[in-house]
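In what follows, a structure is listed as structure tokens, so that the remarks can point back to it.
What follows draws every value from the coordinates through simple rules; no lab data is involved. Please read all numbers here as calculations on a predicted model, not as lab measurements. Glycine gets a Cβ as well: all are built from the backbone with ideal geometry, and neighbour counts include every protein chain shown.
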Amino acid sequence: METSQEIEKQKQYIEKVKEANKGKNLKYYILTMGCQLNENDSEKLCGMIEEMGYAKTEQYQEADLVLFNTCCVRENAEDKLFGKLGELKRVKEQKGTIIAIGGCMMQEKHITDKIHESYPYTDIIFGTHTLHKFPEDLYKTIQSKTKMQDVLDIDGEVYEGLPIKRTSNIKASVTIMYGCNNFCTYCIVPYVRGRERSRHPKDILEEVEQLAKEGYKEITLLGQNVNSYLIVEQWKEKNIDYQGINSFATLLRAINKIDGIERIRFVSPHPKDFTDDVIDAIAECEKVCKLVHLPLQSGSTNVLKRMNRKYTKEQYIELVDKMKSRIPNLTLSTDIIVGFAGETEEDFEDTLDVVKKVCFEQVYMFIYSRRVGTPGDKMPDQIPEEIKHERFNKLKELVESQIEENNQKYVGTIQKVLVEGPSKNNPELLTGRTDSNKVVIFEGPAELKDKIIDLKIVSEHMWYLKGEI
Ligand code: 5AD
Ligand code: SF4
């Protein structure tokens, strides 16, 4: 079946569930774990669920439908899911709540087996390739009160035209590609999200144009490996060239031209694919933020080799130097894993060394978590937990001292800030973000919401800056 026909079919199921739910005032609760791609999937799920007549609640106890959108990149998400499922048992018994679990973790057989065995009151299990079929799965569950398992092992298609309920009305995420072909040896993603599939440039441009019309100012382009957008073989064969878009760089340039959009961000690129045309596009497109997230993972060439990252410590530093020389005001953020199998004290020192040299704006730090089915899990010389934690704390100390030092550089400067609205901690104040994604808190009139304004930075704190109009 054509993907468009499949979506039409699901829209009919949306209508059927809506009809069945009429006048019942039903509520749903959703918990999203993991990355921005999962958040974006949840926005699509919320779009479908709200069209089916459910209103959102933050209390799972009062929900008629509870949905978990899971992540399996690190182990702690599993503990969290099983804890939540345990809590739900009583609610389910009292209220007959429909429990649905979707996302990456459901692509792992040992997890779905455990759910069947220990949490048999779960109603719907669906994977990353069957998210668009949620209306059908829900309808069948409501009608027949039977359990549904809807997980596909083969790569899914790219489905367009699902309803979406976004969490913000200023900033929006737009997925540009699905899946990953890289097989970094620590990572489960290629096994649960399948091979790379790019969205057609036309669909992406239309989505961004629509967002601009609705008043969105900031777009984040999402993909496991954004700079292999359109370069995978099946696209080369199709010879896609829509309005001159045939690569990630040309996509950035096209989005940069869309009126109304003021900021463009993207996550995550892979250093090995960071080609010169992308560097030039960032430098030349005024809307593309000059904060680039460039995952390092490790600073040791030996560890990088075992991780199958396909670059060395020196190549990473060279790339950073090249980017800094070509992109004025460039800032960088990164991901780092500590304690990967075989990481020696010397290897870890190499990571610290790169952090010192590059001076990142932000570092997302992770303790290596062994994932069943990945090559990393089978490697010898796994690092004991206490050493992993020791190294993590050492890295954290270095990163925090750098952030403090870096924050001081902002004091006295004028920054362009996209105002998001009242601050959560103090509603008297407004909050926004700089181009480099730093939070700025300041006093000002509520009408500034959604605007980009100049603020003078007057003081710095660990996780935010204070500004004045
Ligand atoms: N253990 C710890 N961190 C991991 N990441 C991916 N897989 C693992 C793992 N098994 C981190 C990487 C990646 C980020 C999204 O999560 O740093 O860039
Ligand atoms: Fe995982 Fe590496 Fe793919 Fe990122 S590039 S999703 S870390 S395999």
Okay, helix-only estimate at 222 nm for the chain: each DSSP H run of n ≥ 4 adds -39500 (n - 2.57), divide by all residues, round to 500 deg cm²/dmol; what do you get? -12000 deg cm²/dmol
Phi-based couplings in Hz for the range 340-347 (Karplus 6.51, -1.76, 1.60; Gly and Pro marked x): 5, 3, x, 5, 8, 4, 5, 4
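Return the Rg/Rh value of the range 357-399, two decimal places, where both radii are evaluated on C-alpha atoms and Rh is the Kirkwood radius. Display every interim value, and only then the final one.
Details: Rg = 12.9 Å, Rh = 12.2 Å.
Here the Rg-to-Rh quotient is 1.06.
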Between helix 134-144 and the chain, what is the angle of the helix's C-alpha long axis to the longest principal axis, kept within 0 to 90° and rounded to the nearest 10? 30
By per-residue mean of other Cβ atoms within 10 Å, what is the highest-first order of 420-429, 202-211? 202-211, 420-429
Classify the range 1-147 from the C-alpha gyration tensor, please: rounded if a/c falls under 1.5, else prolate or oblate depending on whether a/b exceeds b/c. oblate
Sorted peptide list for 393-402, 436-445, criterion being average Cβ within 10 angstrom, highest first: 436-445, 393-402
Dividing the alpha-carbon Rg of the range 414-468 by 2.2 N^0.38 Å yields what? 0.96
How would the range 103-148 be classified by its alpha-carbon gyration tensor: rounded, prolate or oblate, with rounded meaning a/c under 1.5 and the a/b versus b/c comparison settling the rest? oblate
Would you work out the relative contact order for the chain, in percent, from Cα pairs under 8 angstrom that are 6 or more residues apart? 10
Relative contact order of the range 3-150 (C-alpha contacts under 8 Å, at least 6 apart) in percent is 24
Cα gyration tensor shape of the range 203-295, rounded if a/c is under 1.5, else prolate or oblate by comparing a/b with b/c: oblate
The chain, Cα convex hull volume normalised per residue, Å³: 159
With the crude spin-label approximation of a point 7 Å out along Cα→Cβ, what separation in nm comes out for GLN243 versus MET379? 4.3
Please report the relative contact order for the range 414-468, taking Cα pairs under 8 Å with a sequence separation of at least 6, and give it as a percent rounded to a whole number. 36
Computed curve, the range 333-469, Cα-only Debye sum without solvent term, log₁₀ I(q)/I(0) at 0.09, 0.16, 0.18, 0.21 Å⁻¹, is -0.40, -0.83, -0.93, -1.11
At 25 °C and a viscosity of 0.890 mPa s, what translational diffusion coefficient does Stokes-Einstein give for the range 77-195, taking Rh as the Kirkwood radius over Cα pairs? Give it in µm²/s as a whole number. 153
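Can you give me the Kirkwood hydrodynamic radius for the range 318-412, using every pair of distinct Cα atoms, in Å to one decimal?
Result for the range 318-412 stands at 14.9 Å.
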Label-point separation in nm, GLU468 to GLU50, each point 7 Å along Cα→Cβ: 4.0
